[in-house]
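Read-outs: derived from the displayed coordinates by stated rules, not from any lab. No experiment lies behind these values; they were computed from the predicted model shown. Cβ: placed from backbone, ideal geometry, glycine included. Neighbour counts: every protein chain shown.
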Amino acid sequence: MKIFNTLSRTKEEFVPLEPGKVKMYVCGPTVYNYIHIGNARPMIVFDTVRRYFEYKGYDVNYVSNFTDVDDKIIKKAIEEGVDAHTISERYIAECKKDMEMMNVKPATTHPKATEEICGMLDMISELIEKGHAYVGGDGTVYFRTRSFKEYGKLSHKNLDDLQSGFREIKVTGEEDKEDPTDFVLWKPKKEGEPYWESPWCEGRPGWHIECSVMSKKYLGESIDIHAGGEDLVFPHHENEIAQSESANGKTFATYWMHNAFLNIDNKKMSKSLGNFFTVREISEKYDLQVLRFFMLSAHYRSPLNFSAELMEASKNGLERIRTAAQRQRDFLADAREGAILPGEQEACETARGFVTKFEEAMDDDFNTADAISAIFELVKLSNSTVSAESTKEYISFMKETLEKLCNVLGIITEVKEEILDSEIEKLIEERQQARKEKNFARADEIRNTLLEKGIVLEDTREGVKWKRA
Ligand code: AMP
Ligand code: ZN
């Protein structure tokens, strides 16, 4: 498997730190609003990376944080007259709903910055002790970039160039900085802001320290993959490396992966430019599987321009796959038993070839665009060979193969129709009536209909109870 590593700017063979295991950290969103579809790109991309590792048999420990203390959260809290925690908890819950709709698996751990302050205080103290950080007159703690010889290795920047770029810019409140490239680890509170006690001042952490601390706590000092959008390369990830490697004396992450931007009119979609759509808005128009399919239709390192035409094309592509999957299910229901036919054997071989193509595409730095092409070839083969004449064994093979590949991309091939509570209750009543009339065939039929829609009935002494499976 080859992964493009931002550190070396080349595709490298993937070698895990521990055989069979992948430790991966993905920088998550700052939660002060609904996430926009630009934020959804890393979620979908790295969820797919995770799924592919799992498909290959790796045990993946996937950590993704929520940044729940930040100027924008505080500003929003002040606007609404509530505390910052209320804002962040609200949008974490909404973000999790969006993730579920996009079929993004929950991370193994979703740490929150505000719950990891102790670890941050420890790491900052350690950095001060080791001479990598210092305290300004007002209690601000800065990281001393000059103390970390490899500063700039990820973003391929050089400290002297960076310093000259900063020369004219003086940030108020940061006059005690030894060097303009030094960055904040801890800063004093401002009036009305949330704060924590610390040895230096009552205050709150800078942004970068949280990821170094959470990654270490949940995954260890060295991890396999650290990922996020390309805007995080500098300064966020560069600073994370400086903090972690200075504190731990070990390589922080072997591979650094960055997705390109989701653009709109060829400009980065962002909250600050105001040119964004939230995932929730898109969900009102489309099944979010369409959004997922759209995101994966391009390679993750290529910029992707959001447009109604491309969304329509994705909708059609998804539909083609789902129709093929439905055809397989329909024919499978009454397929004949018996040995697989020679023509079917041959088609199975062709299908295996498409699986290989799919895997080759994914092995080549997760080329989901080519992986989707392999799926379309499989779909075409299925449509032309699965029929009322096919054997059960053949259809099952084709169905499992298609589902297996779609699952890597997080594409759901079977859409379960939503059933309303009131409809369920009506059917249950009808079933009770049927049983009274000893029409057990109808009663069973209703039970099965509900089961197909994921509703499980339980006959208890107090009557019939139901739950969604
Ligand atoms: P933020 O909440 O701004 O920290 O962003 C959370 C994640 O979304 C980070 O990995 C960002 O790099 C990523 N991100 C934000 N905007 C975009 C965009 N337009 N395209 C792709 N990724 C983005
Ligand atoms: Zn981070």
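Side notes on the structure shown:
- Between residue 191 and residue 86, the simple spin-label model (points 7 angstrom out along Cα→Cβ) gives 2.1 nm.
- Based on DSSP H segments of at least four residues, each scored -39500 (n - 2.57), the chain has a per-residue ellipticity at 222 nm of -15000 deg cm²/dmol.
- Net charge dipole, the chain: roughly 560 debye, given to the nearest 20, about the Cα centre with Cβ charges of +1 for Lys and Arg and -1 for Asp and Glu.
- Fewest-first ranking of 127, 450, using other Cβ atoms within 10 Å as the exposure measure: 450, 127
- In segment 2-259, taking the dipole from charged Cβ atoms about the Cα centre, the farthest positive-side position among 4, 81, 249 is held by 4.
- Computed E for residue 360/residue 305 - FRET, C-beta separation, R0 35 angstrom, nearest 0.05: 0.80
- Each of residue 284 and residue 313 was given a label point 7 Å from its Cα along the Cα-to-Cβ line. The distance between the two points is 2.7 nm.
- Exposure proxy ranking, count of Cβ atoms within 10 Å, fewest first, for 411, 124: 411, 124
- Label-point separation in nm, residue 15 to residue 336, each point 7 Å along Cα→Cβ: 5.5
- Cβ-based exposure ranking for 319, 54, in which fewest neighbours within 10 Å come first: 319, 54
- Simple Cβ-charge dipole of segment 240-378, Lys/Arg +1 and Asp/Glu -1, about Cα centre, in debye nearest 20: 600
- Here the chain is treated as a Stokes sphere of Kirkwood radius computed over C-alpha pairs; at 20 °C and 1.002 mPa s its diffusion coefficient rounds to 85 µm²/s.
- Packing-based ranking, highest mean first, of 412-420, 374-382, 115-123 given that Cβ atoms within 10 Å are counted: 374-382, 115-123, 412-420
- Dipole axis of segment 355-410 (+1 Lys, Arg; -1 Asp, Glu on Cβ), positive-most option in 382, 356, 367: 382
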